[in-house]
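Reading through the structure tokens given below for one structure.
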There are 2 protein chains.
Amino acid sequence: MKRIDIQDFDRSSCPVFRSVGEIGDRWSLLIVRECFLGTRRFDDFRSNLGISKSVLANKIQQLLADQILEKREYQEPQQRPRSEYRLTHKGKDLYLVIISLMEWGNKYLTAGSPQLLTVTERQGEAVGHLHLVSEQGHPLERKDIQLTAFEKG
Amino acid sequence: MKRIDIQDFDRSSCPVFRSVGEIGDRWSLLIVRECFLGTRRFDDFRSNLGISKSVLANKIQQLLADQILEKREYQEPQQRPRSEYRLTHKGKDLYLVIISLMEWGNKYLTAGSPQLLTVTERQGEAVGHLHLVSEQGHPLERKDIQLTAFEKG
């Protein structure tokens, strides 16, 4: 791969540009967060997010179309059939996006709040943190890295 | 700290909610990306992003108000005074948000694009990757973790 000057980098090729085209809005990001908190039903998304029915329906349609969510039908005994929404693999892979927003929020925006949301290991109490590591596995700080554009092939 | 059930977690305390309130929109995220690519001047943001003057001015005002960007005046010989915009520490700390969006985009959305954007070490060519690690430093996979709410104090 050939390194290219950032001025020659076609912004429409940019992975950040393409990602924000699919999930770069508040509701989509908050719906994905709700999924990571265990929410699955339309009415629960609605009450946890305080979002209108029509906006939520639109956003969910878009997340289904982009294969970030998938719809599953289920039926409990004596109940009408219902739908629930779960993250696909692609959707689950947004966990680092949600966690990076969470860590930034915890650092800068939640000083006065009475509750805390953080990452813990499923087994145990220990808290995880997000780090950038080199291919050899050593930790990289912000000052150690840069975004670099390449010509493919 | 006392662990609380996620149903009792006040979503207005949520760090993700607060983060997306400041940067959960396409333009804000793309302006921050441009900063990481080295863009500093209003006209360069405008041409690199293909954004209208008034929308860009609004977004920059908001990012200044939220102390994500700071404005610096400078003057080159024989030129009128000009402004440039740089990330504050708070803004620079969005690098993991941008990189997580980038890695997700590279994995799912840029298959056909002729160019690539990635993280490299400033010294050298090696590519970095984003990982979640435990407090003891061992890597955590998505399946190893959960988001957990606590009551502070």
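Structural remarks
- Subset of the stretch B:1-30 (residues that are in contact (Cβ under 8 Å) with a residue 12 or more places away in the chain, in a helix (DSSP H, G or I) and in contact with a strand residue (DSSP E or B) (Cβ under 7 Å, 6 or more places away or on another chain)): B:Ile6
- Qualifying residue in the stretch B:18-38 (condition: more than 17 Å from A:Arg18 (Cα to Cα) and among the aromatic types (Phe, Trp, Tyr)): no
- Residues of the stretch B:1-31 that turn out to be of a type in the set (Phe, Trp, Tyr) and under 13 Å from the mean Cα position of the chain (by Cα), as a count: 1
- Condition met for A:Lys71 (part of a strand (DSSP E or B) and either in contact with a strand residue (DSSP E or B) (Cβ under 6 Å, 6 or more places away or on another chain) or closer than 20 Å to A:Ile31 by Cβ (or both)): yes
To keep it simple, each residue is scored yes or no on (1) open to solvent by 30 Å² or more (accessible area, probe 1.4 Å); (2) touching a residue at least 12 places away in the same chain (Cβ under 8 Å).
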{"residue": "A:Ile51", "(1), (2)": "no, yes"}
{"residue": "A:Val55", "(1), (2)": "yes, yes"}
{"residue": "A:Ile68", "(1), (2)": "no, yes"}
{"residue": "A:Arg86", "(1), (2)": "yes, yes"}
{"residue": "A:Tyr108", "(1), (2)": "yes, no"}
{"residue": "A:Leu130", "(1), (2)": "no, yes"}
{"residue": "A:Gly137", "(1), (2)": "yes, no"}
{"residue": "A:Glu141", "(1), (2)": "yes, no"}
{"residue": "A:Ala149", "(1), (2)": "no, yes"}
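- Any hit, the stretch A:20-30, residues being surrounded by fewer than 19 Cβ atoms within 10 Å (Cβ to Cβ), farther than 29 Å from A:Ala149 by Cα and in contact with a helix residue (DSSP H, G or I) (Cβ under 8 Å, 6 or more places away or on another chain): no
- If the condition is being of a type in the set (Lys, Arg) and either exposed (fewer than 12 other Cβ atoms within 10 Å of the Cβ) or closer than 13 Å to B:Ser19 by Cα (or both), then the stretch B:88-98 contributes only B:Lys90.
- Qualifying residue in the stretch A:121-132 (condition: closer than 28 Å to B:Val119 by Cα and either out of contact with any helix residue (DSSP H, G or I) (no Cβ under 9 Å at 6 or more places or on another chain) or of a type in the set (Asp, Glu) (or both)): yes
- Which numbered condition B:Arg33 misses (of (1) free of Cβ contacts under 8 Å to residues at least 40 places away in the same chain; (2) assigned to a helix (DSSP H, G or I); (3) within 25 Å of A:Asp8 (Cα to Cα); (4) not polar (S, T, N, Q)): (1)
- Subset of the stretch A:104-141 (residues that are more than 7 Å from chain B (Cβ to nearest Cβ) and modelled with pLDDT of 85 or more): A:Ala111, A:Gly112, A:Glu141
- In the set (1) in a loop (DSSP other than H, G, I, E, B); (2) open to solvent by less than 30 Å² (accessible area, probe 1.4 Å), B:Glu76 fails one condition alone, (2).
- Condition check for A:Ser28: in contact with a Lys or Arg (Cβ under 7 Å, 6 or more places away or on another chain), away from chain B (no Cβ under 12 Å) and of a type in the set (Gly, Ala, Ser): no
- Here B:Gly38 qualifies as within 24 Å of A:Gln146 (Cβ to Cβ), of a type in the set (Gly, Ala, Ser) and open to solvent by 10 Å² or more (accessible area, probe 1.4 Å).
The values are calculated or read from the model by the stated rules, or taken from the named source; none is laboratory data. Not measured: the values here are computed from a predicted model. No Cβ is skipped: glycine too gets one built from the backbone with ideal geometry, and neighbour counts run over all protein chains shown. Each accessible area value is taken on the protein alone, full model and side chains, heavy atoms only, with ligands, DNA and RNA left out. Shrake-Rupley method; radii C 1.70, N 1.55, O 1.52, S 1.80 Å.
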